Amino acid sequence: MIERLKESQGAAIGFRVVGKATAEEVKAFEPQIEFLIRERKNRPIGILADLSQMEGADWKARWDEMRFLQRYTDHIARMAVVGADKWEEVVAIVLAGASVLQAETRYFTSAEIGSAWEWVRTSKNADRVPVRTMYVGTGIFKDYIPEYTDL
């Protein structure tokens, strides 16, 4: 099951995957991200993916995710991945999809979800949060936020 997180607002949308993600669930969630992109008039957005309760995904779901991310890569500036305490377990799930993104992708533990939201919304990472860069991307927010600095 894929559910939208209630903290989604402004230029940031978040979702939680519970159990095994299916292609139908991925397809059903895509319109919410497309709507946000249109609402923001194609300005970059941030995505938070809470995978702490995910038990995998079928191949078609992964393919559909990569297709979707590739189509909207110019509109996604950053992606925060939240998972279990062992971030290495999540890397394989995310990197295949993140590699088509221009967005910077970072990992946060479940306990750091508040900091993940802060980073997705502001492009800044609080000093108290360890930096676990999964994919550097091109950082398209540099074009939109003058105070953005590479970490």
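Laboratory data are not the source of any read-out in this text; all were calculated from the coordinates shown. Since we're looking at a predicted model, the values are computed, not measured. In this analysis, Cβ positions are derived from the backbone assuming ideal geometry, glycine residues included, and neighbour counts consider all displayed protein chains.
Summary table below
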{"item": "Nitroxide proxy distance, nm - points 7 Å out along Cα→Cβ at Trp63 and Phe35", "result": "2.8"}
{"item": "Which of Val17, Val81 has the fewest Cβ neighbours within 10 Å, and the rest in rising order", "result": "Val17, Val81"}
{"item": "Sites Thr22 and Asp74 - FRET efficiency at Förster radius 25 Å, r taken between beta-carbons, to 0.05", "result": "0.40"}
{"item": "Packing-based exposure ordering (other Cβ within 10 Å, fewest first) of Met1, Met79, Met54", "result": "Met1, Met54, Met79"}
{"item": "Computed lengthening from Glu7 to Asn42, 0.36 nm per intervening residue step minus Cα-Cα distance", "result": "10.5 nm"}
{"item": "Least to most buried among Asp64, Asp74 (fewest other Cβ within 10 Å first)", "result": "Asp74, Asp64"}
